[in-house]
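The numbers here are math on the coordinates, done by the rules we state, and not lab data. Values in this document were obtained by computation on a predicted structure and should not be read as measured data. So basically every Cβ, Gly included, is an ideal-geometry build from the backbone, and we count neighbours across all protein chains shown.
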Number of protein chains: 2
Amino acid sequence: MTKTPATRPTATRADVARHAGVSSAVVSYVVNNGPRPVAPATRERVLAAIAALGYRPNAAARALRLGSAEMIGLVIPDNRNPFINELAHAVEVAAAARGHVMVLANSDGSAAIEEAQLRNLAARQVDGLLLISVGATVDPAALASLEVPVVLLDRGSGTEGFGSVGTDLYAGAVAGVEHLLGHGHQNIGLAIGVASDGRLDGRERGFRDALAAASLPPGPVVRAAFTRDGGYRAGRQLLAGGRPTAVFASSDMQAVGMLHAFHEAGVRVPDDIAVVSFDGSPEAEFCWPPLTTLAQPVAAMAEAAVDALLGGPSAEPRHHAFDAQLVIRRSCGCA
Amino acid sequence: MTKTPATRPTATRADVARHAGVSSAVVSYVVNNGPRPVAPATRERVLAAIAALGYRPNAAARALRLGSAEMIGLVIPDNRNPFINELAHAVEVAAAARGHVMVLANSDGSAAIEEAQLRNLAARQVDGLLLISVGATVDPAALASLEVPVVLLDRGSGTEGFGSVGTDLYAGAVAGVEHLLGHGHQNIGLAIGVASDGRLDGRERGFRDALAAASLPPGPVVRAAFTRDGGYRAGRQLLAGGRPTAVFASSDMQAVGMLHAFHEAGVRVPDDIAVVSFDGSPEAEFCWPPLTTLAQPVAAMAEAAVDALLGGPSAEPRHHAFDAQLVIRRSCGCA
DNA sequence: CTGAAAGCGCTAACAC
DNA sequence: GTGTTAGCGCTTTCAG
């Protein structure tokens, strides 16, 4: 239980005031640099008292009084997903640049936990909540009931009444498939997540449309979890049936798993099967072969999200779509 | 700014009391299931009022009153390091199992940010703080001044006055090097971090001792950052000079970077160079070849840490060392 | 420029 | 079983 040695019961604002021979209001003015001016000499006395007593303001009291914790929260669905973490990191940087502290809460893939985390943070008076939701759909009413600004991240499309940010999945997929087409492939497969709501994922639509535009039928489509293991299974499935000459993987994690399956089977990438992936996470750069991938503009998205939340230039409750950028590496056959 | 539609100014406990025709104390008893009993009929009325008004307790007020936010904090040095995230995830699971919410704060490699995050969380009345520190050393006085229980994670050794947990790096390194020795290697290199304090990292000591015990001189030792890129540089350096027949990498991330360098140079693993690594992160399983690694017992460590923090069976301010387990995969030459 | 004092929403004695 | 009430530590209006 690691207790501090001989703790005097934590100095409060009143102690400081007494010690400095001023009123508690003045201490407040000094601590917050306002809202009222304080005479230099008085300020010095207060500062000295603060140091002497080791006084540290109670943030909970301040949050209660102000109705604001001066902090934003980010709820993520998986703290072990590299892409999500890239995004979380970017959000933190963007929030810091705007003078806001950010705390992270993980919903660990559970809609129930997500809800609980959101409620918990909202009850603590955070100034805003950023959400990368577990599911493809969110309940606008539940979000509204938090009575705190909420902005959705990593979304394929908008949600009525909320600001949201995401990459244009459709356009990205089209670009990826077209690149594979450019390499002369005719039989291109797809690894994609399992459809959680009715609508087709933008990446799947893009895949199909790009192929149709080239008058080609879609190759084998495999549905698997957006995890390394999901990709591994997808890879094995692709080898067992269909065996396309190229695959478009809808996430780097899946692609990494697929590479593993291909290596294991002695199938060479890109010679036997070319791969183009989606996300642009660091793993895509360091796996072998390095993945040609559609990199999501993480920093820009994070900034837009924080702006939308904090009332910056993109504060209207609309969807902000960003373009993925094709990063060419070896897995597509270019190098 | 995504506002909620027509927000009545957030119902408070008094509103609920009025609506239900009871006192505010009773509302409190209902909300908290105690500490006093409430008649079933009354409870129903209160519950109905809560639902009708959409009342949600103000956690900041509760934290102020109780002096406890009923929450623990975990401060990590890098939210993009897979191993750290494994650990963070395990801590979250362990905390949840003990009925505690956990929030995550990232210090992003900066001691100053680490300090700020700790202070911020402490001021919010968290019940305890778990810290994976940026540096090899921590300032016990600064930690004590937080006046909140603190337990250190991912430590090679103990810190006077604090509970801490970590893997026995020395023993792990010895086991790893001995395994390589068992494969007949005579020229074994080491990739390790840059020494941030005076003392040698346990892994380096283990490496040297294991070799000495076999009457072998240490192979080339390369110091690099504990990142994929650090490992990549280390790998290139190893190829340029020395070129051992095996390498012990002190983290999976470094190993992944090394593999990249080896692939690039057409050097085969394990045939040309065998690799054994440390950590046991998921990437070690999915890279190619899969890494033989000393897996840290993440779940057990997380549980010990949370217990130490919350006053469970391992609550004394001492160091808890765990043994890494050798997980055999292909990179060492076994498969 | 400084002080007194009223609450923010909640909990838990203490009364009845 | 329920009501009254005194704060938790802070900010800020209102008086000087």
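Overview of values
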item: Kirkwood hydrodynamic radius over Cα pairs of the protein assembly as shown, then Stokes diffusion coefficient at 25 °C and 0.890 mPa s, in µm²/s; result: 90
item: C-alpha long axis of helix B:40-53 to longest principal axis of chain B, angle in °; result: 70
item: Label distances, nm, A:E160 versus same residue in remaining copies, Cβ-directed 7 Å point; result: 6.5
item: Where trypsin sites (Lys or Arg not before Pro) fall in DSSP loop in segment B:156-248, at most 13 other Cβ within 10 Å; result: B:R199
item: For segment A:1-154, fraction of C-alpha pairs farther apart than 20 Å, in %; result: 61
item: Per-copy distances of the A:T10 label point, shortest first, in nm (7 angstrom along Cα→Cβ); result: 2.1
item: Rounded to 5, the percent of DSSP beta bridges in chain A classed as antiparallel; result: 10
item: Cα coordinate range in segment B:230-335, projected on the principal axes (Å, largest first); result: 53, 26, 18
item: Simple Cβ-charge dipole of segment A:13-57, Lys/Arg +1 and Asp/Glu -1, about Cα centre, in debye nearest 20; result: 60
item: Cβ-derived FRET efficiency at R0 45 Å, A:A214 paired with A:S145, nearest 0.05; result: 0.45
item: Column: log10 I(q)/I(0), Debye, Cα scatterers of segment A:169-296, q = 0.10 Å⁻¹; result: -0.25
item: Virtual spin-label span in nm between B:E316 and B:S23, 7 Å along Cα→Cβ; result: 4.7
item: Residue-span extension gain [B:E160 to B:D229] - 0.36 nm each, minus C-alpha spacing; result: 21.4 nm
item: For segment B:13-57, the fraction of alpha-carbon pairs in successive 10 Å shells from zero, as %; result: 34, 61, 4
item: Cα pair distances exceeding 12 angstrom across segment B:244-288, given as percent; result: 56
item: Per-copy distances of the B:A315 label point, shortest first, in nm (7 angstrom along Cα→Cβ); result: 4.8
item: Estimated Rh, segment A:96-146: Kirkwood, alpha-carbon pairs, angstrom; result: 11.8
item: Length released on extending from B:R205 to B:A240, taking residue separation times 0.36 nm less the Cα-Cα span; result: 10.1 nm
item: R0 of 25 Å, Cβ-Cβ distance A:V221-A:D271: FRET efficiency to nearest 0.05; result: 0.60
item: Reference-scaled alpha-carbon Rg (2.2 N^0.38 Å with N residues) for chain B; result: 1.28
item: DSSP bridge orientation in the protein assembly as shown - percent antiparallel, rounded to nearest 5; result: 10
item: FRET efficiency, B:L47 to A:A136 (Cβ-Cβ, R0 25 Å, nearest 0.05); result: 0.15
item: Added length on full extension, which subtracts the Cα-Cα distance from 0.36 nm per residue, A:Q186 to A:C334; result: 51.6 nm
item: Nonlocal amide H pairs with A:S164, under 5 Å, H built at 1.01 Å; result: A:L152, A:R318, A:H319, A:H320
item: Amide proton proximity set for A:A274, modelled H, under 5 Å, gap of 5+; result: A:A246, A:V247
item: Separation of alpha-carbon centers, segment B:201-254 and segment A:158-237, rounded to whole Å; result: 41
item: Among A:T12, A:T293, A:T227: highest mean-square fluctuation, GNM of chain A, C-alpha pairs under 10 Å; result: A:T12
